[in-house]
Amino acid sequence: MDAQGKTVVLFACFGVRPEPWLAAFDQTAPDFDWRVWPDSGAKEEVDYVVVWAQPDGFLRQFPNLRAVLCIGAGVDRILQDSDLPDVPIARMRDAGLTQGMVEFVLARVLHYHRLMPAYEAQQREGVWRQLAAPLAGERTVGILGLGQLGGACATRLAANGFSVRGWSRTPKDLPGVAAFDGPIEVFLEPCEVVVCLLPLTPATRGVLNARTLSHLSGASLINVGRGAHLVEADLIPALDAGHLSNATLDVFATEPLPAGHPFWSDPRITVTPHASALTPPGTAGPTIVANIRRHLAGEALLDLVDRDAGY
Ligand code: NDP
Ligand code: OXD
């Protein structure tokens, strides 16, 4: 709290432009004292930190911190902090973020479903040949992770007529989605397109690897979860072996993807710069403010992270 008794909220989102966020915060909470790292003022005055991609040990420096609010859905980076204070952490759950992810996943699934990679290859060779594409109902799409984002993508793909199956830790009941919580190998077997929307936890790290990918046959992979879900060294061998035909990768073990990395130039791989769903400040700013107001009123934060589960 500052000297005037105002709640102090520090915006410490590394690699994120603060201006659009401050515009959204100013509109919804002019009564808070907003500060932007590194201009935090007195560290003991900071009540809440709005965070993204913070360095290790960063949060420990605020002795009166009451809670941490993440501008992203994935909190793996926060939880990897080896000196994390024992305060509640809220992840982002936002309609704008969800819509962005649904649009990206739908676009890529339709791209593969309607054989666009084959037509693009034909065009490069000047070939005019019609290819028979099945209708959506004959195409099986598997979604790894049926949470806020995976669940929304799964129901949208089902509404578009695809045969959708989804994999989660606990059983789910989503309209038009065959839910599955057994071994991933069995889940993957019939999938022609696989979308990864898992959180990165010790249980999901490296879940897409030579062994699991070998259960696919000519499938397309869309990884929009985290780079470390995929054992990157196993991807090109899986493409060469025909387990995969194509991949869209939005997330990578090292970001930005290093210059000269083989993924940049492989025509079977589409690289996007961790941009499948950017959290929109216009919708997410008010979501964060409403959550802080709840906490100030003595209620538990919404969208609390379960530290034991890791998401
Ligand atoms: P949620 O926490 O809402 O959902 C996670 C889902 O994964 C749940 O269905 C959960 O199961 C399931 N899950 C977790 N662990 C396992 C496991 N070991 N085995 C099987 N299923 C598991 O997350 P969101 O949907 O909001 O986001 C998912 C991820 O997407 C984020 O963590 C982030 O990494 C990534 N993301 C990427 C973005 C990008 O720009 N590329 C943007 C936003 C998010 P259960 O339901 O049983 O708990
Ligand atoms: C997120 C992300 O987790 O953008 O929200 O990666």
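Step by step: first the residues of segment 71-105, then only those that are in a helix (DSSP H, G or I) and among the polar types (S, T, N, Q), then the one that is nearest to ligand 1 (Cβ to nearest atom). Which residue is that?
T98
Take segment 222-248 and flag every residue that is surrounded by 22 or more Cβ atoms within 10 Å (Cβ to Cβ) and within 15 Å of the chain's Cα centre (by Cα).
I222, N223, V224, G225, R226, H229, L230, T248
Going by the structure shown, is T254 among the β-branched types (V, I, T) and in the same structural domain as G150 (by TED's automatic domain parsing)? Walk me through how you get there before you give the answer.
On the way: among the β-branched types (V, I, T): yes; in the same structural domain as G150 (by TED's automatic domain parsing): yes.
Considered against the rule, which asks whether it is among the β-branched types (V, I, T) and in the same structural domain as G150 (by TED's automatic domain parsing), T254 comes out as yes.
Taking segment 254-281, which residues are exposed (fewer than 14 other Cβ atoms within 10 Å of the Cβ) and more than 16 Å from ligand 1 (Cβ to nearest atom)?
Once the filter is applied, which keeps residues that are exposed (fewer than 14 other Cβ atoms within 10 Å of the Cβ) and more than 16 Å from ligand 1 (Cβ to nearest atom), segment 254-281 yields P258, A259, G260, P262, W264, S265, P267.
Collect the residues in segment 191-235 that are assigned to a strand (DSSP E or B), touching a residue at least 40 places away in the same chain (Cβ under 8 Å) and within 9 Å of ligand 1 (Cβ to nearest atom), keeping them in residue-number order.
C196
Could you look through segment 117-136, keep only residues that are among the small types (G, A, S) and surrounded by 10 or more Cβ atoms within 10 Å (Cβ to Cβ), and pick out the one that is nearest to V75 (Cα to Cα)?
It comes out as A136.
crowded, with 18+ Cβ neighbours inside 10 Å, farther than 30 Å from R66 by Cα and among the β-branched types (V, I, T): does that describe V289?
Judged against the criteria, V289 is not a match.
Does any residue in segment 169-184 that is assigned by TED's automatic domain parsing to the domain that holds N209 come within less than 9 Å, Cβ to Cβ, of a residue that is loosely packed, with under 10 Cβ neighbours inside 10 Å six or more places away or on a different chain, and which pairs are these?
Qualifying pairs under 9 Å: A179/P171; A179/D173; F180/P171; D181/T170; D181/P171.
Going by the conditions given, is A42 in contact with a helix residue (DSSP H, G or I) (Cβ under 8 Å, 6 or more places away or on another chain) and away from ligand 2 (no atom under 16 Å from the Cβ)?
No, not satisfied.
Yes or no: I78 within 13 Å of I288 (Cβ to Cβ) and crowded, with 21+ Cβ neighbours inside 10 Å?
Criteria not met by I78.
Test F25 against the stated conditions and say whether it is of a type in the set (F, W, Y) and farther than 16 Å from A90 by Cβ.
Considered against the rule, which asks whether it is of a type in the set (F, W, Y) and farther than 16 Å from A90 by Cβ, F25 comes out as no.
Only one of R108, R165, R169 is under 20 Å from L216 (Cβ atoms) and not in a helix (DSSP H, G or I). Can you tell me which?
R165
Taking interchain pairs and intrachain pairs at least six residues apart, which have beta carbon atoms under 6 angstrom, with the first residue in segment 62-80 and aromatic (F, W, Y) and the second more than 13 Å from ligand 2 (Cβ to nearest atom) and assigned to a loop (DSSP other than H, G, I, E, B)?
Going by the 6 Å Cβ cut-off, the qualifying pairs are F62/V46.
How many residues are under 19 Å from the mean Cα position of the chain (by Cα), crowded, with 21+ Cβ neighbours inside 10 Å and at negative phi if we restrict to segment 140-164?
Counting residues in segment 140-164 that are under 19 Å from the mean Cα position of the chain (by Cα), crowded, with 21+ Cβ neighbours inside 10 Å and at negative phi gives 11.
The values are calculated or read from the model by the stated rules, or taken from the named source; none is laboratory data. Remember, predicted model here, so these are calculated numbers, not experimental data. As a convention, Cβ positions derive from the backbone with ideal geometry for all residues, glycine included, and neighbour counts pool all protein chains shown.
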